[in-house]
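Trainee: Pasting a structure below so you can have a look.
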Amino acid sequence: MIQMNETDFGTLAICAIRYCQGRMSYMPDLVRKIVRPYLPTMQDRDIIVMLRDCQFQEEMNLYGDEKIDKPDWLKWKADLEKEAERRKLG
């Protein structure tokens, strides 16, 4: 296993999620499943950037198929919002 600090992991996670946006394949699901368990350990700025990316994806209609891809991206966005809210509440 590669050892990585949280700054590097956050950057890598952002890049991987951005790569997956708009793709209609197995890759978005795979990347979200890898990153999701680490959301509580990621830096605030990484959560904020990923939320902004979700907002952009939504505004530009890049969620992919309405019935296949979009529901999973909306769940991802909700998970990010939940994590951001958890941090606000302390």
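What follows draws every value from the coordinates through simple rules; no lab data is involved. None of these values were measured; they are calculated from a predicted model. Here Cβ is always computed from backbone atoms with ideal geometry, including for glycine, and neighbour counts include all displayed protein chains.
Trainee: Give me a count of the residues in the range 33-90 that are over 13 Å from GLY22 (Cβ atoms) and of a type in the set (S, T, N, Q).
Mentor: Number of matching residues: 3.
Trainee: Only residues that are closer than 18 Å to MET27 by Cβ, more than 11 Å from the chain's Cα centre (by Cα) and of a type outside the set (Val, Ile, Thr): list them for the range 68-90, please.
Mentor: Selection gives ASP69, LYS70, PRO71.
Trainee: Here is a further query. May I ask you to list the residues in the range 23-77 that are aromatic (Phe, Trp, Tyr) and farther than 22 Å from ARG87 by Cβ?
Mentor: TYR26, TYR63, listed by residue number.
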